[in-house]
Amino acid sequence: MNQLILAQDPTLQTFENDVWWIVLIKLLGVFVILLLLTLFTINYERKVVARMAVRPGPNQVGPKGWLQSLTDGVKLPFKEEIIPKTADKVVYFIAPVISATVAFTAFSVIPFGPVVSMFGHKTALQLTDVPISVLVLLACSSMAVYGVVLAGWASGSTYPLLGGLRSAAQMISYEVAMGLSIVAVFMTAGTMSTSQIVAAQAGNNPTTAFDIFGWSPTAPSWYAVLLLPSFIIYCIAAVGETNRAPFDLPEAESELVGGFHTEYSSFKFALFFLAEYINMITVSAFATTLFLGGWRAPWPITEFWAGANSGWWPLIWWLGKVLLLLFGFIWLRATLPRMRYDQFMRFGWKVLIPVNLVWILFLAGVRVTNDRIDGGARWLVYLAAAVVVLGIALLWPASKKPREFSIEEQLAARPPGSFPVPPMDLQVPPSPRARRAVAERLPATVGGTTPADSLNDTSDKEV
């Protein structure tokens, strides 16, 4: 098979011609890749966090400790399983199955590479693709909340229920922000197919060219640069969507013991653990597909290697981008403290979603202007719009801070019968650990000597 065929992008018709046993091989390959990536990511996270905390990570099981996560995965199913008496047995069993199944299903529309030759048949390195593949991914991520909420409710315990309620509110709010960040990709690429979105980010794309008074430069091909606000919002929403630190509020051990999976053990807990890491891999692969050019090689490599996007090599570029995004998840966990729940929800509804809506409105205006106005007049329209936005920002009335009341005013405003308040003028006693200043004392007089003689006589002083 020649180089031209191996380098071609898959289309929707490519998946219709796959033989059934080729589909089974790709399905098994996706399953194996996810399991191996999960085992690697667990050890990868532990080693990176240990390096950042200047301490040894896993280093005993296997070569340099790389088999530690494999032994943990083998150990968990054989541990004793404890089920609360008040648990709903059916829902208690179904909840982790939903989380794990949805996590695997979301990976079915992720492209790994171009059309390749597999046992003499041309096939794409992607399990399947449909015209609305991105909506399939969003639907799978939305279904994941059912596993978490049902697990919290079916456990029959207070802390898991609170964790499930937190997760429902958190996932709904950040699902909206994530969906709005993807709208900009739809508008720019003109398709919802994941394979076609990767093709739209190929270099020298004429649809991303600008006309600046006769000069037509080409915009960056990756949407992470062309749609930078959408990429930043997606990354923030993805961390909140996967319940990862510093947004791991549904399973905050300092507040909820373990959150929604407090009452789970053995194999069912392993399913939740597996689903969490597969969701990390899925949102990283989704970001790679939407914003980082998918399986295509980065710019410096394509300049001196014409076959970088041919054959099985793109699988390496895809894996490198995913691991880089996974490192971002780990970096955040090792450096940022957990946010307060009300601050996190306020940030989602009052910051991310409004900024997303304004950004989409701006992109729509640019698209309409490019379609209807030609030449230098287009840039005059952009300049006028920028002046209007800047004027609104400068003239927008600043919010007035409420007047801060003194302690006496706050006490006077309290309703009668309130809890008594101690007086505010009490002084805090010094800490017993504080160093005390002790005055130097003269030695005691012995045998009728005067203090002056005792000062001059140094024979009896203690050394």
| field | Neighbour net charge for Met280 - beta-carbon separation under 13 angstrom, K R +1, D E -1 | value | -2
| remark: Under 5 Å from the placed amide H of Ile132, counting only residues 5+ away or on other chains, we find none
| note | Taking a ≥ b ≥ c as the square roots of the Cα gyration tensor eigenvalues, with a/c under 1.5 meaning rounded and otherwise prolate when a/b beats b/c or oblate if not, the stretch 1-130 comes out oblate
| Taking 0.36 nm per residue of separation and subtracting the Cα-Cα distance, what length does fully extending Ile316 through Leu36 add? | 99.3 nm
| request: Please give the contour-minus-distance gain from Thr369 to Trp66: 0.36 nm per residue of separation, less the Cα-Cα distance, rounded to one decimal in nm. | output: 103.6 nm
| For the residue pair Phe304 and Phe405, what label-to-label distance in nm results when each label sits 7 Å from Cα along the Cα-to-beta-carbon direction? | 7.1 nm
| field | Alpha-carbon spread of the stretch 77-117, three principal axes, descending order, Å | value | 54, 22, 10
| request: Using packing as a proxy for protection, rank 83-90, 25-32, 356-363 so that the peptide with the highest average count of other Cβ atoms within 10 Å comes first. | output: 356-363, 25-32, 83-90
| query | Where the Cα atoms of the stretch 336-424 are projected onto their three principal axes, how long is each span, largest first, in whole Å? | reply | 74, 31, 25
| said: Please state the shape class of the stretch 1-71: rounded when a/c is under 1.5, otherwise prolate if a/b exceeds b/c and oblate if not, all from the C-alpha gyration tensor. | reply: prolate
| note | A chain fully extended from Leu395 to Glu80 at 0.36 nm per residue, minus the present Cα-Cα distance, gains in nm 106.9 nm
| request: Counting residues in the stretch 35-99 as N, plug N into 2.2 N^0.38 Å and put the Cα Rg over that result. | output: 1.50
| query | Say R0 is 51 Å: what FRET efficiency, to the nearest 0.05, do Leu28 and Ser418 get from their beta-carbon distance? | reply | 0.15
| task | Could you tell me which of the pairs Lys268/Lys321; Lys47/Lys79; Lys85/Lys268; Lys321/Lys350 are separated by over 23 angstrom between their Cα atoms in the structure shown? | result | Lys268/Lys321; Lys47/Lys79; Lys321/Lys350
| Quick one: if the Förster radius is 30 Å, what FRET efficiency do Val97 and Ile172 give, using the C-beta to C-beta distance and rounding to 0.05? | 0.85
| remark: The answer for Lys122, listing residues at least 5 apart or on another chain whose modeled amide H is closer than 5 Å to its amide H, is none
| Ordering of 111-120, 290-299, 10-19, 73-82 by packing [mean C-beta count within 10 Å, highest first] | 290-299, 111-120, 10-19, 73-82
| field | Largest-first principal axis extents, alpha carbons of the stretch 255-353, Å | value | 54, 39, 23
| request: Read phi for every residue in the stretch 13-27 and hand back ³J(HN,Hα) as whole Hz from Karplus 6.51 cos²θ - 1.76 cosθ + 1.60, θ = phi - 60°, with x for Gly and Pro. | output: 6, 4, 6, 6, 9, 6, 6, 4, 6, 5, 4, 5, 5, 5, 4
| query | Packing-wise, with mean Cβ within 10 Å as the measure, how do 322-329, 189-196 rank, highest first? | reply | 189-196, 322-329
| query | Taking the simple approach of a point 7 Å from Cα along Cα-to-Cβ for both Arg346 and Ala334, what is their distance in nm? | reply | 3.2 nm
| query | Based on the Cβ-Cβ distance from Ala139 to Gln13, what FRET efficiency comes out when R0 is 22 Å, to the nearest 0.05? | reply | 0.40
| field | Karplus 3J(HN,Hα) series, Hz, for the stretch 232-240 with 6.51 cos²θ - 1.76 cosθ + 1.60 (x for Gly, Pro) | value | 5, 5, 4, 4, 5, 5, 5, 5, x
| remark: Cα-based Rg/(2.2 N^0.38 Å) for the stretch 36-194, rounded to two decimals, is 1.34
| said: Let me check I've understood the local charge: for Leu27, count other residues with C-beta under 15 angstrom from its C-beta, Lys and Arg +1, Asp and Glu -1. What total comes out? | reply: -1
| For Gly65, net neighbour charge (Lys/Arg +1, Asp/Glu -1) across residues whose Cβ lies under 14 Å away | +3
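Values in this text are rule-based calculations from the coordinates and carry no lab data. Just so it is clear, the model here is predicted, and its values are computed rather than measured. Here the Cβ is made from the backbone with ideal geometry for all residues, glycine too, and neighbour counts use every protein chain on show.
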